[in-house]
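Heads up: the structure comes next, in structure tokens.
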Amino acid sequence: MSEATRDFCSIDTQGFLRVAVAVPRVAVANPQANLQRTLELARRAGAEGAAVVLFPELGLSGYAIGDLVHQGALEGAVEAALEDLIAASADLPSVLLAGAPLLFEGRLFNCGAVVYRGRLVGLVPKSYLPNYREFYEARHFTPAEGASFSSVRFHGREVPFGPRLLFTASSRPAFVLHVEICEDFWVPVPPSSLAALAGATVLANLSASNVTVAKADYRRLLCSAQSGRTVAAYLYAAAGYGESTTDLAWDGHALIHENGTLLAETERFADHDQLAVADIDLERLAAERLRMNSFWENGRTVKPLIEEFRRVELDFEPPRAPGPLRRHLERFPYVPADPARRDERCLEVYEIQVQGLRRRLEAVGLERVVIGVSGGLDSTQALLVAVQTLDRMGLPRSHVLAYTLPGFATSERTYRDAWRLMKALGVSAAEIDIRPSARQMLADIGHPAAQGAAQYDAAYENVQAGERTSHLFRLANLHRALVVGTGDLSELALGWCTYGVGDHMSHYGVNASVPKTLIRHLIRWQVESGRVDAATAEVLSSILATPVSPELVPGTVGGEPAQRTEDEIGPYELQDFHLYYLSRFGFRPSKVAFLAWSAWKDREAGSWPPDLPEGERRAYDLTTIKRWLRVFVERFIATSQFKRSALPDGPKVGSGGSLSPRGDWRAPSDADASAWLAELESNVPEEEPR
């Protein structure tokens with residue numbers, strides 16, 4: 001493997017940081033035994049390339065030890081264990097976060113020790129001591145605010161001390177670590193919230209957290225919410241097997257969340273040491289914060305508190321993380337693989353589309369819609385939305401004026417499916433053959449095709465698209481109706497639509513923020529969920545099996561289309577992946593390629609949407625990904641924006657964004673894509689990584 005390929009495959013190069021949460025089996029009040037288990041897990045995590053390893057609260061002593069924490073013998077044993085951990089860390093590559101009760105100036109603090117490469121680089125005392133129900137921490141410890149000092153001496157070294165420490169690394173500016181302890185996280189305004197506003201991107205919580213019924217769900221909820229609200233990674237490690245069960249029980253629950261998403265967690269109630277590892281995307285967090293101006297503005301309201309944070313520089317060199325990316329990547333970022341989430345998502349998309357169209361009809365005082373039905377995916381989805389909208393409004397389906405408009409290249413299959421679908425749905429169905437008017441237009445402009453020449457150029461294609469749209473608008477005028485647009489997000493991203501007088505234009509575009517991959521699953525969901533009758537389900541299945549084609553150039557005698565869209569602009573499943581990461585996060589093309597390769601290189605690995613047929617489960621090598629990403633970048637950045645700048649109204653559907661100039665995407669129509677293309681060519685190798 002060449003050096004360029006090795007760099008491309010490196011998670012460090014791609015902006016990731018590997019982290020681990022560890023749950024050692026506890027030996028109550030036995031610091032040396034706890035030290036050995038801590039070191040064993042630290043070595044395992046280091047071998048896996050973890051840059052940060054988080055351990056539970058008071059892990060060196062055990063949490064549930066009651067008044068033993070005030071015993072001088074234990075205090076000395078804990079200090080010795082921590083000193084041994086510091087010494088042993090010289091040969092370990094990770095930042096270690098270990099919990100210990102430590103005595104300073106006559107007061108005992110519940111501390112998180114930040115240890116790296118043979119140094120104790122900081123001590124973070126617990127801020128909020130629970131003293132209710134089963135907790136009695138105020139009996140034993142002093143809270144962080146009770147300390148009158150900002151540094152302490154530990155075994156002859158001066159160490160920063162306090163709850164407002166940020167651990168930074170000039171070698172990885174996006175990595176800023178903050179530590180808090182258990183209850184600090186459960187209060188209304190956790191210290192980590194302020195730390196995030198001060199710049200922290202990795203928030204770590206050393207916890208004990210005994211288990212009660214349903215508490216694990218609440219932990220997940222808190223971690224998800226905190227990581228999402230702070231736009232950060234949140235690492236959480238709780239005490240497990242071995243803690244005293246005199247009055248409590250422990251489940252050893254440890255989690256890694258990133259911006260609201262669970263990346264990894266440990267098995268609960270395990271009787272052995274555990275380690276959960278995940279790769280957090282620091283670049284993604286930075287991209288999210290960059291776009292959310294309100295995130296940084298929020299810091300102004302608590303500016304005096306933020307200014308109290310001190311930065312502690314780490315001489316940080318993360319270990320080289322071996323193996324593949326340690327996080328789940330959805331091949332279809334717009335389509336959840338989990339069946340329950342997929343069903344919920346599909347239902348919600350329909351509700352959004354229906355609400356948008358209904359509100360527009362009510363606003364303009366119309367009760368009819370006009371729609372062109374081609375027998376393809378997009379017009380099918382738009383027709384389903386139109387039918388559901390009129391059902392919701394209590395209007396007859398006959399108020400959906402659906403037209404099939406065959407042209408020079410309409411295939412028998414799509415023509416037949418268009419008619420079958422209109423009849424199955426019970427709408428007002430009609431046909432207008434656009435070929436006579438298209439021939440007249442070709443003749444009027446002096447096109448050779450009017451004389452029978454096989455010149456199938458853009459003019460030839462767009463005359464047909466324009467004739468269809470012109471007919472639909474005039475039909476809407478005639479019947480006091482609204483033209484429902486069918487074009488989707490993927491086509492808009494790639495500029496694969498006829499501008500102005502073609503499928504680009506309508507009175508209201510219900511599909512404008514719905515990508516092609518999601519449209520496939522929305523239609524498939526209608527079939528699989530039994531929401532349509534047998535006749536409709538049969539024709540929907542036929543439409544799903546039809547290759548995507550604009551059908552503007554005459555095909556073969558056998559009925560095969562002369563044009564296959566994905567042969568021209570790339571597989572939609574791949575281009576939708578590129579669209580999501582380029583437009584949503586602004587990632588470099590080389591990182592988008594890395595993510596695509598990580599997600600799509602193996603046909604067998606990972607999860608697929610449950611309704612995706614076996615024949616549609618594909619794999620893509622890096623050469624293929626680079627080829628189609630090049631096409632995407634050039635079309636998206638340089639050649640297609642003018643179409644998006646003149647979009648009709650339509651509802652935003654997903655958090656993945658829309659391309660409306662009034663919504664998520666504003667860009668010049670005459671941009672140069674050379675910077676993106678150069679980055680792609682320079683940083684994505686030609687050879688397939690092994």
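For segment 91-209, state the semi-axes of the equivalent ellipsoid (square roots of 5 times the eigenvalues of the alpha-carbon gyration tensor), sorted largest first and rounded to whole angstrom. Write out the running numbers ahead of the final one.
On the way: eigenvalues 103, 66, 31 Å².
For segment 91-209, the semi-axes come out at 23, 18, 13 Å.
The charge dipole of segment 1-53, taken about the Cα centre with unit charges on the Cβ atoms of Lys, Arg (+1) and Asp, Glu (-1), comes to about 320 debye, rounded to the nearest 20. The charge dipole of the chain, taken about its Cα centre with unit charges on the Cβ of Lys, Arg, Asp and Glu (plus for the first two, minus for the last two), comes to roughly 1280 debye.
How big is the convex hull of the Cα atoms of segment 131-174, per residue, in Å³?
Details: hull volume 6.8 nm³, N = 44.
So the per-residue hull volume is 154 Å³.
The radius of gyration of the Cα set in segment 213-285, together with its Dmax, comes out at 13.3, 45 angstrom. Ranked from largest, the principal axis spans of the Cα set of segment 554-634 equal 45, 32, 22 Å.
Ellipsoid semi-axes for segment 469-614, based on the Cα gyration tensor and the rule √(5λ), read 29, 21, 17 Å when sorted largest first. Express the relative contact order of segment 119-176 as a whole percentage, based on alpha carbon pairs under 8 Å and six or more residues apart in sequence. Here the relative contact order equals 35 percent.
Mean residue ellipticity at 222 nm, helices only, the chain: -11500 deg cm²/dmol; runs of at least 4 DSSP H residues each add -39,500 (n - 2.57), and the sum is divided by the number of residues.
When H479, H272, H399 are sorted by how many other C-beta atoms sit within 10 angstrom of their C-beta, beginning with the fewest, the order is H272, H479, H399. Normalise the Debye intensity by I(0) for segment 268-414, one equal point scatterer per Cα, no solvent, then take log10 at q = 0.09, 0.19, 0.21 Å⁻¹ and round to two decimals. Computed log10 I(q)/I(0) values: -0.66, -1.25, -1.30.
So for D621, D279, fewest C-beta neighbours within 10 Å to most, what's the order?
On the way: D621 13, D279 24.
Placing the least packed residue first, the sequence is D621, D279.
Over all pairs of different C-alpha atoms, segment 299-363 has a mean inverse distance whose reciprocal, the Kirkwood radius, equals 18.0 Å.
Reported to the nearest whole Å, the Cα centre-to-centre distance from segment 250-314 to segment 430-449 is 61. Using the alpha carbons alone, the radius of gyration of segment 92-150 stands to its Kirkwood radius in an Rg to Rh ratio of 1.04.
Segment 369-437 gives an Rg/Rh value of 0.99, both radii derived from C-alpha positions and Rh following Kirkwood.
Taking every alpha-carbon pair under 8 Å whose residues sit at least 6 apart, segment 446-567 reaches a relative contact order of 18 percent.
How large is Rg over Rh for the chain, taking Rg from the Cα atoms and Rh as the Kirkwood inverse mean of 1/r across Cα pairs?
On the way: Rg = 30.3 Å, Rh = 28.2 Å.
Ratio of gyration radius to Kirkwood radius for the chain: 1.07.
When all alpha-carbon pairs of segment 1-116 are counted, what percent fall beyond 16 Å?
Details: 4025 of 6670 pairs.
The share of Cα pairs beyond 16 Å in segment 1-116 comes to 60 percent.
Place +1 on the Cβ of every Lys and Arg and -1 on the Cβ of every Asp and Glu in the chain, take the dipole about the Cα centre, and give the residue among L290, G502, A638 whose Cα lies farthest towards its positive end. So the residue furthest toward the plus end is G502.
Panel order for K215, K643, by other beta carbons found within 10 Å of each beta carbon, from fewest to most: K215, K643. State, as an integer percentage, the relative contact order of the chain based on alpha-carbon contacts under 8 Å between residues 6 or more apart. The value is 12 percent. Summing Lys and Arg as +1 and Asp and Glu as -1 over all other residues whose Cβ lies under 12 Å from the Cβ of P143 gives a net charge of -2.
So what is the diffusion coefficient of segment 1-63 in µm² per second by Stokes-Einstein at 25 °C and 0.890 mPa s, using a Kirkwood Rh over Cα pairs?
Numbers: Rh = 13.4 Å.
Calculated translational D: 184 µm²/s.
Less than 11 Å Cβ to Cβ from G663, Lys/Arg counted +1 and Asp/Glu -1: what total charge do the surrounding residues give? After counting each charged neighbour, the total is +2. The DSSP beta bridges internal to the chain are antiparallel in roughly 55% of cases. Shape of segment 570-690 from its Cα gyration tensor (a ≥ b ≥ c, root eigenvalues): rounded if a/c is under 1.5, otherwise prolate when a/b > b/c, or oblate? Taking the square roots of the gyration eigenvalues as a ≥ b ≥ c, segment 570-690 is oblate.
Grab the alpha carbons of segment 341-499, take their convex hull, and tell me the volume per residue in Å³. Please list the in-between numbers first.
Values: hull volume 21.0 nm³, N = 159.
Cα-based convex hull of segment 341-499, divided per residue, equals 132 Å³.
Rule-based calculations on the coordinates, nothing more; no lab input. Nothing here was measured: the structure is a model prediction, and the numbers come from that model. When we count neighbours, we look across all protein chains shown, and the Cβ atoms used for this are built from the backbone with ideal geometry, even at glycine.
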